[in-house]
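Beneath this line is the structure, given in structure tokens, with notes to follow.
The values are calculated or read from the model by the stated rules, or taken from the named source; none is laboratory data. These numbers come from a predicted model, not from an experiment. With ideal geometry, Cβ positions are generated from the backbone for all residues, glycine too; neighbour counts draw on all protein chains shown.
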Amino acid sequence: MTYLEASGISIDFPLYHAESRSLKKALLGKVSSRFSVDQKSRPVVQALRDISFSLKSGDRLGLIGSNGSGKTTLLRALSGIYQPTAGTLSMEGKLISLLDPGQGMNKELTGRENIRLRSYYLGLSKAKSQAFEADVIDFTDLKEFLDIPVRNYSSGMVVRLAFGMATAFPPEILLMDEWILAGDAAFMAKAKKRVEGMVQHADILVLASHSPSILAEWTNRLIWLDGGRIVADGAPMEVFKSYLPRHDFEELLRARS
Ligand SMILES: Nc1ncnc2c1ncn2[C@@H]1O[C@H](COP(=O)(O)OP(=O)(O)OP(=O)(O)O)[C@@H](O)[C@H]1O
């Protein structure tokens, strides 16, 4: 059974070059400060504080919050890139994370070569790798750019390729940061179809974004992060009601009716 559970997760990042007494005093002096010191008195930034939630098959969780509120850090913790300073994470299910556009790609190689390299890493049989290549080529629709080195791609093209390769085999848990929304409207429509296909297979989605309309459409639960803490957790429109300025909330309601 697929599940993902975060229990009391906290993450501190050491602040290098902040050892001087005056800087420490300035950082730690503010009442609502995100800065603290670790056990060895070294300054740290408290990126996440006491985060708990549990997700099961079919849950599509959105993360919202202002710049620096902790969305990317939480996604990275869930994907295993960062070790929590405190708390525990447990999960079951094949996880794919779409967190960095160029992840797992060699920019000196062409799109086609990257696709072949990926199928090699995945250990696919000849028939499966041919199907994988055809599927990704069709999805990414890179046309003449397919045989050009990735370093010459636009950022939207890199997104198409990364997304196409990472989503060719449906994961059970999909983590996405909002860079995925950098594609154009035609790509977004295709990406949405692909993600919806995945989620319909009773998988888990966690998506961080600043876009209320995307989150309202793609998610069925929303966590609002502020200063590294959860300030609200519930149905998307309920959370948006408190999060968004009244005018923006009413506009979102109108757009969805
Ligand atoms: N590698 C790091 N080293 C030190 N501090 C970090 C690191 N990554 C994040 N932080 C700090 O952790 C806090 C949370 O950052 P995070 O990138 O998770 O926020 P975010 O909600 O994704 O922001 P944005 O909307 O701007 O992308 C910030 O205060 C940031 O400065």
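Can GLU133 be described as over 27 Å from LEU75 (Cβ atoms) and not hydroxyl-bearing (Ser, Thr, Tyr)?
So GLU133 passes the test.
Please pick out the residue among GLY228, GLY197 that is in contact (Cβ under 8 Å) with a residue 12 or more places away in the chain and within 16 Å of the ligand (Cβ to nearest atom).
The match here is GLY228.
Looking at region 189-215, which of its residues are at pLDDT 80 or above and surrounded by fewer than 19 Cβ atoms within 10 Å (Cβ to Cβ)?
Passing the criteria: ALA189, LYS190, LYS193, ARG194, HIS210, SER211, SER213, ILE214.
From the set of residues in region 29-78 that are touching an Asp or Glu at 6+ places or on another chain (Cβ under 6 Å) and within 16 Å of LEU4 (Cα to Cα), which is nearest to the ligand (Cβ to nearest atom)?
Top of the filtered list is LEU75.
Residues of region 51-69 being touching a Gly at 6+ places or on another chain (Cβ under 8 Å), within 17 Å of THR88 (Cα to Cα) and surrounded by 15 or more Cβ atoms within 10 Å (Cβ to Cβ), which ones?
Listed by number, the list holds a single entry, ILE51.
Among the numbered conditions (1) loosely packed, with under 15 Cβ neighbours inside 10 Å; (2) away from the ligand (no atom under 15 Å from the Cβ), tell me where LEU95 comes up short.
(1) is the only condition that LEU95 fails.
So which residues in region 162-185 are at pLDDT 80 or above, under 26 Å from THR73 (Cβ atoms) and in a helix (DSSP H, G or I)?
Across region 162-185, the qualifying residues are ALA162, PHE163, MET165, ALA166.
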